[in-house]
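Just so you know, all these numbers are worked out from the coordinates, no wet-lab data involved. What you see is a predicted model; the values in this text were computed from it and never measured. As a convention, Cβ positions derive from the backbone with ideal geometry for all residues, glycine included, and neighbour counts pool all protein chains shown.
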Amino acid sequence: MDNEEKEVIVYYKDEPDEHSGRCECGNNKFKSRMEDGKFYRKCQNCGKVKIV
């Protein structure tokens, strides 16, 4: 994970989805990965990353 992504990460419990399963930009397509026992979800439209 590079430095740019580290700045974008927001914990899901602190900022839940306004609409379940959708990013704030309205997109519902994500690129997901597991790292250090955490599930990262990155919006393919705006690039916002959340730890779910």
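For every other residue with a beta carbon closer than 9 angstrom to the beta carbon of Ser32, add +1 if it is Lys or Arg and -1 if Asp or Glu, then tell me the sum. Display every interim value, and only then the final one.
Details: positive: Lys31, Arg33, Arg41, Lys42; negative: none.
Around Ser32, the surrounding residues sum to +4.
With both labels modelled 7 Å from their Cα along Cα-to-Cβ, the Asp17 to Ile51 distance reads 2.0 nm. Model label points for Gln44 and Asn28, set 7 angstrom from Cα along the Cα-to-Cβ axis, are 1.4 nm apart.
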